[in-house]
Amino acid sequence: LAYTYQRKKILKKFRNKLLLFFQIVIFVYFLILVFLYFYQRNLLYHPNENNYSGDQISVPIEKVKINTEDNIELLSWFHEKDLQKYKTVLFFHGNAGSLENRIHKLNHFHKMDINFLIIAWRGFSGNKGKPSEKGLYKDGSSAIKWLVRKGVKEENIVIYGESLGTGVATHLSQNKNFAGVVLETPFTSMIDAAKTFYPYIPVSLLLKDKFDNKSKIKNIKVPILIMHGEADQIVPFLMGKKMYEKANEPKYSYFTKHDNHMMEYDENLVKALNSFLKSLN
């Protein structure tokens, strides 16, 4: 009897410790969820990050300010070659860095027969405001309206999205008559992308900015070029491939074996991009 009593006492003590352990784990997990919910936009948007190689700009640009509907001024760079003769590329950059970090791309744009406008998101490049999905949609829409006021017809605008910018490009290109759309390293949705980094977190419940590209791309009815590298360690290549599969014709792809998330603007990419832009004429 004494042995049985002692054994029950040990088992009870063990169960209590095990219960305490699980309570601590659940509490810590809850704290992580709370932290991720309130801090998520700091994890998604990185305006002060500088992870691109710097180049000297070799293209004449005009620094302009674009006003949004909620009274935020967006620093933007505009290059006008011939608004009537050539298409105008509206460039939406990704979730990190400044306009200067895209100079290497703009230098290649200069060699093509296009005009271009690149905007900095709210909260980026010294702009006021804080980035969010709805906020970025307002920024992109304001840039389109700015171009239209400059005399550029919507059917002469090419929407170009880079990484996070593909979310804005896809959203704003739905059921529009733009000249074309370019998506560089696109994701299917921010929920899908977040699950690759946080597989044990209910991101579909916590995420504020969902950027649901995969359900919107079917509403794009103009020519589209999708570019992605198989070595992408941030947005899985399969997402870009799925976006291409879901896209309507006419559609084009530039897929590479070795490009990471920031695709190499080499001769092959520039050739593919320039060929697509020329086809829109």
Item to check | The lone exception for G240 - which of (1) in contact with a strand residue (DSSP E or B) (Cβ under 7 Å, 6 or more places away or on another chain); (2) assigned to a loop (DSSP other than H, G, I, E, B); (3) closer than 25 Å to I157 by Cβ it fails | outcome: (2)
Item to check | Tabulated pairs, the stretch 39-61, first over 11 Å from G97 (Cβ atoms), second modelled with pLDDT of 95 or more and open to solvent by 70 Å² or more (accessible area, probe 1.4 Å), C-beta under 8 angstrom, 6+ apart or interchain | outcome: Q40/K208; R41/K130; R41/K208
Checklist entry - Got a sec? Which of N281, N268, N274 is without any contact (Cβ under 8 Å) to a residue 24 or more places away in the chain and polar (S, T, N, Q)? => result N268
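With V152, V181 as the choices, which residue is touching a Pro at 6+ places or on another chain (Cβ under 9 Å) and either without any contact (Cβ under 8 Å) to a residue 60 or more places away in the chain or assigned to a loop (DSSP other than H, G, I, E, B) (or both)?
On the way: V152 fails: touching a Pro at 6+ places or on another chain (Cβ under 9 Å).
Checking each option against the conditions leaves just V181.
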Checklist entry - Among (1) surrounded by fewer than 19 Cβ atoms within 10 Å (Cβ to Cβ); (2) under 24 Å from A143 (Cβ atoms); (3) modelled with pLDDT under 95, where does Q174 come up short? => result (3)
Item to check | Selection within the stretch 132-143 - crowded, with 21+ Cβ neighbours inside 10 Å and either within 13 Å of the chain's Cα centre (by Cα) or of a type in the set (V, I, T) (or both) | outcome: L136, G140
Checklist outcome for this item: G129: passes all of (1) surrounded by fewer than 20 Cβ atoms within 10 Å (Cβ to Cβ); (2) within 26 Å of E249 (Cβ to Cβ) but (2)
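Listed here are the residues, each with its yes/no results for (1) part of a helix (DSSP H, G or I); (2) open to solvent by less than 50 Å² (accessible area, probe 1.4 Å); (3) within 18 Å of L44 (Cα to Cα).
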residue	(1), (2), (3)
I159	no, yes, no
F187	no, yes, yes
I191	yes, yes, yes
K208	no, no, yes
V222	no, yes, no
L225	no, yes, no
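The values are calculated or read from the model by the stated rules, or taken from the named source; none is laboratory data. This structure is a prediction, so every number in the text was calculated from the model and none was measured. Note that each Cβ is placed from the backbone with ideal geometry, even for glycine, and that neighbours are counted across all protein chains shown. Calculation scope for accessible area: heavy atoms of the full protein, side chains included, ligands and nucleic acids excluded. Shrake-Rupley method; radii C 1.70, N 1.55, O 1.52, S 1.80 Å.
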